[in-house]
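Read the structure below first, then the notes.
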Amino acid sequence: MLETVPAVLLLFRRTRRAGAVLMLPMILNVALMNYAIDLWPATQRISTVFLVMNLYLLACDWSLWRRLTIELFHRPLVSPSRWRTAGDIAEIAAALLIPAAVTFYLFSQVSLLMQPIVDFIGDRHINRAGTWIVRQLALDGRDSPIQGESLMYFDFSKVCHYAADGRTSEGKFDADRARHTFRIDDVVSAPGLNSIHGTYRIDGGRMILDSGPSSPTVHLVLERYRWGKQLPFRPAPQSSGKARGL
């Protein structure tokens, strides 16, 4: 991990300043992300404490950083010119616009990838936030007993995890938000059942999945479990045709 290098530098008196400087952007990024995606309060507090400790180490050498900053930004007197001014403005604009453009592009690409399956995964993938708990599982019209706490988790890479009564199963899934269709394969959620595909609908905090005619009759009711704040993704487009299985 990148934090290892500055952490080792902090252990020695001669390299502690370099360690504190290198650690600052990393721990600041961690702290800001913890608050931005609204992680658990304990996680936020821990990252804040580490950030304060890092700032304290830097404050101990305030005079050194002040002199270094003055030397760094000191410029010899030169006669002003329009070309130099334009170059300075272009340099500042590039430093601001290029990272903003790259960030916007990456976010838009991730949003496009998540759009078809966002009903299943939400947008929080930290420590399995976005898990579903199984509330009902019916096979051929008969309720299948649910032993203990049965959980399903759909991740961004279209992998489905199922855990119940001390056993786990892992498979693949796919979905189409526009047509409200889904497919779950290689996940053993009941004896003899390892593949489900059909249509689904969202009912508040629940998702109801019903199998199509080409698979065993399955009625599965999932309820959101440990879901946090969600980003306002665009509404799913309306489909004019009849929903078909994937």
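Okay, here's what the table says:
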{"quantity": "Nearest 10 degrees, 0 to 90: helix 62-73 Cα axis against the chain principal axis", "calculated": "80"}
{"quantity": "Distance (nanometres) between label positions extended 7 Å along Cα→Cβ at residue 188 and residue 18", "calculated": "5.4"}
{"quantity": "Debye log10 I(q)/I(0) for the chain, one point scatterer per Cα, at q = 0.12 Å⁻¹", "calculated": "-0.86"}
{"quantity": "Trypsin sites (Lys or Arg not before Pro) within region 126-200: DSSP coil, no more than 14 neighbouring Cβ in 10 Å", "calculated": "128"}
{"quantity": "Residue 111 paired with residue 170, simple spin-label distance in nm, labels 7 Å along Cα-to-beta-carbon", "calculated": "3.2"}
{"quantity": "Calculated FRET efficiency for the pair residue 217/residue 46, C-beta based, R₀ 41 Å, to 0.05", "calculated": "0.25"}
{"quantity": "Prolate/oblate/rounded label for region 1-115 (Cα gyration tensor, a/c 1.5)", "calculated": "oblate"}
{"quantity": "Contour minus Cα-Cα distance for residue 68 and residue 227 (0.36 nm per residue)", "calculated": "52.6 nm"}
{"quantity": "FRET E, pair residue 208, residue 58, Förster distance 45 Å, beta-carbon r, rounded to 0.05", "calculated": "0.25"}
{"quantity": "Whole-angstrom gap from region 171-187 to region 54-103, using each part's C-alpha centre", "calculated": "50"}
{"quantity": "Estimated [θ] at 222 nm from DSSP helical runs (n ≥ 4, -39500 (n - 2.57)) normalised by residues in the chain, nearest 500", "calculated": "-13000 deg cm²/dmol"}
{"quantity": "Angle between the chain longest axis and helix 82-114 axis [Cα atoms, degrees, rounded to 10]", "calculated": "20"}
{"quantity": "10 Å Cβ shell holding at most 13 others, DSSP loop, GluC sites (Glu not before Pro): longest site-free stretch of the chain", "calculated": "4-148"}
{"quantity": "Chymotrypsin sites (Phe, Trp or Tyr not before Pro) restricted to region 11-51 and DSSP loop, no more than 14 other C-beta within 10 Å", "calculated": "12"}
{"quantity": "Cβ-derived FRET efficiency at R0 41 Å, residue 201 paired with residue 5, nearest 0.05", "calculated": "0.25"}
{"quantity": "Residue 190 long-range amide H proximity, modeled H, under 5 Å", "calculated": "none"}
{"quantity": "0 to 90° range, to nearest 10: angle between helix 41-59 axis and the chain longest Cα axis", "calculated": "10"}
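Values in this text are rule-based calculations from the coordinates and carry no lab data. Keep in mind that what you see is a predicted model, and the values were worked out from it rather than measured. When we count neighbours, we look across all protein chains shown, and the Cβ atoms used for this are built from the backbone with ideal geometry, even at glycine.
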